[in-house]
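Take a look at the structure below.
Since every read-out is calculated from the coordinates, none of them should be taken as a lab result. These numbers were taken from a predicted model, which means no experiment stands behind them. A quick note on method: Cβ atoms are made from the backbone with ideal geometry, for glycine too, and the neighbour counts reach across all protein chains shown.
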Number of protein chains: 2
Amino acid sequence: MRHKAVFYHAGCPVCVEAEQQLAQALDPARYEVEIVHLGDARGRLADAESAGVRSVPALVIDGQPFHINFGAALADLR
Amino acid sequence: MRHKAVFYHAGCPVCVEAEQQLAQALDPARYEVEIVHLGDARGRLADAESAGVRSVPALVIDGQPFHINFGAALADLR
């Protein structure tokens, strides 16, 4: 089964670095990675929150949130 | 060129989850992943610190540190 990963970010420098170095490092044979910019796609904020995301950048893998360093609090993106 | 990733942890539940879900998700064709338990390998604390690691679990990719959630402060492992 292919795993589902969603990388949530807000375009911040910390986010860009995490996307380039970490989100894009996942094995494409096993992981389908979706990149979501929460500043542009505000309709996805609720998805991120319900997955337990509290800050960006964050990577949600099979429903589990991993916060990577700290760019911005989710509350500040509303 | 194959990239070098070092996953630093301390055996905590947050660390184990990050190792299983994130460190092992990296593409083995592009990344060589080393797993370092800083509780067992205290001699590696200095390496982690000089890479900028402040807490575990953390993944250092090509020298850049990514802190993943929060398990323990590096200072508490000394």
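Values for this structure:
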quantity	calculated
Qualifying residue in the stretch B:37-53 (condition: under 16 Å from A:GLN20 (Cα atoms) and within 12 Å of chain A (Cβ to nearest Cβ))	no
Residue selected from the stretch A:6-18 under the condition surrounded by 21 or more Cβ atoms within 10 Å (Cβ to Cβ) and within 12 Å of chain B (Cβ to nearest Cβ), by the criterion nearest to A:VAL53 (Cα to Cα)	A:PHE7
Criterion: in contact with a Leu (Cβ under 6 Å, 6 or more places away or on another chain), among the aliphatic types (A, V, I, L, M) and free of Cβ contacts under 8 Å to residues at least 40 places away in the same chain - qualifying residue of B:VAL33, B:VAL16	B:VAL33
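Matching residues to (1) more than 15 Å from B:GLY11 (Cβ to Cβ); (2) of a type in the set (S, T, N, Q); (3) touching a residue at least 12 places away in the same chain (Cβ under 8 Å); (4) touching a helix residue (DSSP H, G or I) at 6+ places or on another chain (Cβ under 8 Å):
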{"position": "B:HIS37", "(1), (2), (3), (4)": "no, no, yes, no"}
{"position": "B:ARG42", "(1), (2), (3), (4)": "no, no, yes, yes"}
{"position": "B:ALA48", "(1), (2), (3), (4)": "no, no, yes, yes"}
{"position": "B:PRO57", "(1), (2), (3), (4)": "no, no, yes, yes"}
{"position": "B:PRO65", "(1), (2), (3), (4)": "yes, no, yes, no"}
